[in-house]
Structure formats: C-alpha cells, structure tokens
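The values are calculated or read from the model by the stated rules, or taken from the named source; none is laboratory data. Fair warning: this is a prediction, and the values are worked out from it, not measured in the lab. Backbone-built Cβ (ideal geometry, glycine too); neighbour counts: all protein chains shown.
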Amino acid sequence: MTDYGPDWTRAEARRLLDFHARALNPAGGFYKLAADGRPLPDDPRGRGNTRELHETTRMIHAFAQGAGLNHPQARAVVDHGMSFLFAGHLDPVNGGFWWAVDDAGPLDSRKQAYGHAFVLLAAASAGGIGHPDAARLRETVMTVLRSRFWELDPGAVSDTFEADWTDPPAYRGGNANMHLTEALIAAHRTWADPADLAMARSIAGFMIDRHARAEGWVVPEHYTPDWQIDRDFEGDPMFRPPGTTPGHAIEWARLVLELRETGGNDPQDDWTVEAAEGLYRRALADAWLPEGGFAYTLDWDGQIDNRRRLWWPVAEAVATAHALHRATGDADWLKDLDKFWTHLDRHHIDHKNGSWYAEIDPEGRPVETLFPGKPDIYHAMTAVMAAEG
C-alpha cells in the first residue's frame, strides 16, 4: 500500500510543477497543455493561442506555492504571469480584466466576477512571496470588485458585465462568490486588511450560514437578479452546471474553516465548524459513487443528475479532510484520505507523462469532454499542499 504522507505529496507537487512549467508562452501568458505536455494548437479562429483569465491567475497562485517548495522555476513563472495580467488581460480603457485574450488582444472582453476573484488570489499569493507588483495588482482588482461587482444587499458579488460595464448581469452565482471568499481570505493573510475579512464573512454568511444551512447543507449555486434561489437554472456544463454541485460544498467546507482560522477563531465564526462538518458529510453521503469519485451534479431531490467524474472534487475532499482535522483535532476526519488518494493515484495521476487527467469515463479511463489536455494545477496543488497546513 502506498504511503500518501508528506514526502509523497511534496514529491507529487514537484512533479506537477515540473509538468506545468512547460506552459510558459514566450508571447505572454501560458499555453494550454495536451496530455503529453505539448502546447495545444492555436485557437481554431486563427488568432493565436487563447489565454483565459482564470488560467493565467491560477498559474501564478500555483507557482507561488511552488516557491515555498523551492521549485527552481517558480518565481520566474510567477513573474511571467504577473506581467501578462497587466500587459495582456487588463483593460486600459474601461478598467477590469478581460476574460480571454489571444495574440491579437481581447477575444472575450467580458468582465466576470469569477475571473476577478482569481486575480485577487494571484495578487495575494504573489504578495506572500514578496513579488513587487502584488500590491499594485491587489489595489487594481479590489477597486473594480468594490465599485462594479459588490452588492451591499446581500453583501456578495454579481457576475458578468460587458467590457464597458454595460448590460448588468441577469445572473447571480455561487461559484464566483465562493472563489472570491477564498481570495479575500488569502488577501487578509498577506496584507491583514480587516475589510477583506469582513467581505469574506459577508459572502460566507449569506451563501452558507443562511442558504446552505436552510437546504440541509446543500449549497444553492444559482440565483435570480434579486438573489432568490433559481432552482430551474439550466446552466452550462463547465462553470454553471444545473442543479447542485457537491464538489463545491466540499470546497466551501474548507473555506469556512479557513475563514475561522484566519479570523483568529473569533466567536462570530463559531458557526463554521458545524457548517463544514455538515457540508462535507452531506456531499460524501450523496455524491460519492460506488465505483469511486464524486458525481458531478445532483438534482434538487439529492439524486445524481450527472455522473461525470472529474479530478477536482476528490482533490478538494483531500484538502477539506485536513482542514476538518486541524479545526477539530479529531483524527477521524483523516480516515477517508487513503480512499481519496488511492482513487486519484489509480485514475487521475499520469505516472508516465506527469500531471493529472481531468476526467475519467465509467470504466475509469481518461477522457476529454469538458477540458482539453491537462488543465491547470490549481485543485491538484490544493490537494498536495493540504498536509502543509
């Protein structure tokens, strides 16, 4: 039996970083990588390689973590990504960051709260390793988050605007708010601004202590413009799947515990332990499949809607199990780690080429339906770094 202890996870972190360091695009930003590590072909519209905001920022975050492991290319990758955020993604006229760009400029010029959350995470992670442009990036993105996306009632962010901030969004979503909570926690850890922690508490309180609690620790994902739960939202398969997403409940469980820890175990965050336990247990009970892995989505009756098996919910379950152990001191939370790691090791980790396969079919074989090649290493690094605390 493999020992998935700290030596193994650190070694796997270095393998991930080695593989994805090849993504550096000399023209700026990062390539998408095929399963064997080669850059994927250019965008079929013929304008050059497409770079999406969440991919650029997640590479910065992952390689900032890699700097803590003394990976030899980590700081150079962070530098490269930070430069491209300012030179490639930042809209110099209207402010904010374009969602997707290529060699000719903006390809998808919309402004998405989801992407801006990851810009803040990149700034915080880069700031944690002393990058000289991190504070400037933080100020740039926080100005936009507060002035364009933030809604005082309910104390959360809206979603997507056109490039010039027209066409206010008709959609409100949990995914952007979840990742902004993560980024605000990271920003507070780097700069200790109490306003960041207050925003994170506001979002988590609305999304989890109010709505997920009322749903028996199921996380509502989709909302109408007046912030009513939209149970009939049809969604899209990648970022806004219909129904509920148990992987997000697992991710939220980790984040509310990080909120409590970052806030110094303040009594106002006492609700988070109960919430994390409830979210994690409910997702594991409802969505862990007999063949291993989590079902991608459930319907509102708790029945499996989409059995697609992706890498990231299992990776997040690893991190959340560690977070529950740290928060409670109860080693029983670690009992499922071997199950999670065995599944990842057997089906998702590519022992020949490196990195992780994003999806497996019903027989456990790698397939590419949502994601081409090997996607960014944000979730995988969350898992392998979880034991570091």
- If you go through segment 276-296 one residue at a time, do you hit one that is more than 30 Å from Gly373 (Cα to Cα), buried (at least 22 other Cβ atoms within 10 Å of the Cβ) and hydrophobic (A, V, I, L, M, F, W, C)? yes
- Task: Could you please find all residues in segment 92-134 being closer than 28 Å to Ala74 by Cβ, of a type outside the set (A, V, I, L, M, F, W, C) and either without any contact (Cβ under 8 Å) to a residue 12 or more places away in the chain or part of a strand (DSSP E or B) (or both)?
- Result: Asp102, Gln112, Gly130, Pro132
- Sort through Arg281, Arg260 and tell me the only one that's more than 21 Å from Ile203 (Cα to Cα), at pLDDT 95 or above and either among the aliphatic types (A, V, I, L, M) or in a helix (DSSP H, G or I) (or both). Arg281
- Message: Quick check on segment 70-83. Is at least one of its residues of a type outside the set (Gly, Ala, Ser), out of contact with any helix residue (DSSP H, G or I) (no Cβ under 8 Å at 6 or more places or on another chain) and more than 27 Å from Gly128 (Cα to Cα)?
- Response: no
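In segment 365-385, what residues are assigned to a loop (DSSP other than H, G, I, E, B) and out of contact with any helix residue (DSSP H, G or I) (no Cβ under 6 Å at 6 or more places or on another chain)? Walk me through it before giving the result.
First, pick out the residues of segment 365-385 that are assigned to a loop (DSSP other than H, G, I, E, B): 365, 368-373, 375-377, 385.
Arg365, Glu368, Thr369, Leu370, Phe371, Pro372, Gly373, Pro375 - these are the residues of segment 365-385 that are assigned to a loop (DSSP other than H, G, I, E, B) and out of contact with any helix residue (DSSP H, G or I) (no Cβ under 6 Å at 6 or more places or on another chain).
If you check Gly292 against the conditions, is it within 25 Å of Asp376 (Cα to Cα), touching a helix residue (DSSP H, G or I) at 6+ places or on another chain (Cβ under 9 Å) and either of a type in the set (Asp, Glu) or not in a helix (DSSP H, G or I) (or both)?
Yes, satisfied.
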- Note on the structure: Counting only residues in segment 25-76 that are among the charged types (D, E, K, R) and not in a loop (DSSP other than H, G, I, E, B), the one nearest to the chain's Cα centre (by Cα) is identified as Arg58
- Query: Scanning segment 322-332 for residues that are part of a helix (DSSP H, G or I) and without any contact (Cβ under 8 Å) to a residue 24 or more places away in the chain, which turns out surrounded by the fewest Cβ atoms within 10 Å (Cβ to Cβ)?
  - Reply: Ala331
- Query: Out of (1) touching a residue at least 12 places away in the same chain (Cβ under 8 Å); (2) over 19 Å from the mean Cα position of the chain (by Cα), what's the single condition that is false for Asp193?
  - Reply: (1)
- Output the number of residues of segment 336-364 satisfying the condition of being within 17 Å of Pro313 (Cα to Cα) and in a loop (DSSP other than H, G, I, E, B). 7
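Looking at Leu145, Leu120, can you tell me which residue is under 21 Å from Met178 (Cβ atoms) and surrounded by fewer than 24 Cβ atoms within 10 Å (Cβ to Cβ)?
Only one candidate passes the filter, namely Leu145.
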- Do any residues in segment 61-88 that are at pLDDT below 95 have Cβ atoms under 6 Å from those of residues that are hydroxyl-bearing (Ser, Thr, Tyr) and surrounded by fewer than 16 Cβ atoms within 10 Å (Cβ to Cβ), where the two are at least six apart or on different chains, and which pairs are they? none
